[in-house]
Amino acid sequence: MTPGLIGTRNVIFDLDGTLVDSLPGIAEAYRDVFQYLGVEFPGMERIKSFIGPNVQIILNEVVGLKGKQLSEAVSVFRSSYGDGKYLNYRKYPGVDEMLKELRDAGRKLFVATSKMQTMASDLIGHAGWSTDFFSVAGVNPERNVNNKHDVLSHVLSYFNLESKMTVMVGDRVGDLESARQLKIYSIGVLWGYGSREEVSRANPDVIVEQIAELGGHLNRPCE
């Protein structure tokens, strides 16, 4: 176990690719976007690589949309995904047990996701995790919280979390680089959408392959 993670009290989880496999619902919403654009759907493996960053970033930097077309495509995605598709997901096996272990060990659990705030909160409730998490934070343009870095920064500042007592757990480079920029520990997981190469490139404090391993790094009782 990385010495710096001993006694880490605050555990901030990414959502998509870390706690849940949300590919089915996200793919359906992107299918509607590509239909709106009159472009052929690129396939599930390609869509899998889209998961993690905010949809506006993907449609701008990856798909190449700009201006009015970008804003309209984002609206199509959010309307489609918000029409119940965000509840088309599956829990990764072992997550329920892992969350219980962490709570029993005295950890305070948070979610920081690039999903819209309202959708993230609804999904956590639908999964039966409302009592597991102290707070669920997501993208909220009205509060100028627009990407993972913004969301994570908001959680840290709003709850006044001590950096040496806090770790971010995620599967994509955005999770891990944001943690480094904000000077908190990070754990990269390999069961989500980020490749081993991507996760390694982000240089997290720990890399884990299985959910059971994650509990082993974090579930020691707090002193």
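The set of residues from region 37-57 being in a helix (DSSP H, G or I), buried (at least 19 other Cβ atoms within 10 Å of the Cβ) and within 15 Å of the chain's Cα centre (by Cα) comprises Phe50, Val55.
Scanning region 133-149 for residues that are surrounded by fewer than 19 Cβ atoms within 10 Å (Cβ to Cβ) and charged (D, E, K, R) turns up Glu142, Arg143. Every condition in (1) open to solvent by 40 Å² or more (accessible area, probe 1.4 Å); (2) assigned to a helix (DSSP H, G or I) is met by Met98 except one, and the failing one is (1). Taking each residue of region 138-152 that is on the phi > 0 side of the Ramachandran plot and looking for partners that are modelled with pLDDT of 90 or more with beta-carbon atoms closer than 9 Å, six or more apart or interchain, yields Asn144/Asp150. Taken over region 176-192, the residue count meeting the criterion of being surrounded by 21 or more Cβ atoms within 10 Å (Cβ to Cβ) and either touching a Leu at 6+ places or on another chain (Cβ under 8 Å) or part of a loop (DSSP other than H, G, I, E, B) (or both) is 9.
Whether any residue in region 153-162 is modelled with pLDDT under 95, open to solvent by less than 60 Å² (accessible area, probe 1.4 Å) and not aliphatic (A, V, I, L, M) is what I want to check. There is no residue in region 153-162 that is modelled with pLDDT under 95, open to solvent by less than 60 Å² (accessible area, probe 1.4 Å) and not aliphatic (A, V, I, L, M).
The values are calculated or read from the model by the stated rules, or taken from the named source; none is laboratory data. A quick note: this is a predicted structure, and the numbers were derived from the prediction, not measured. When we count neighbours, we look across all protein chains shown, and the Cβ atoms used for this are built from the backbone with ideal geometry, even at glycine. The accessibility values were calculated without ligands, DNA or RNA, using every heavy atom of the protein model including side chains. Shrake-Rupley method; radii C 1.70, N 1.55, O 1.52, S 1.80 Å.
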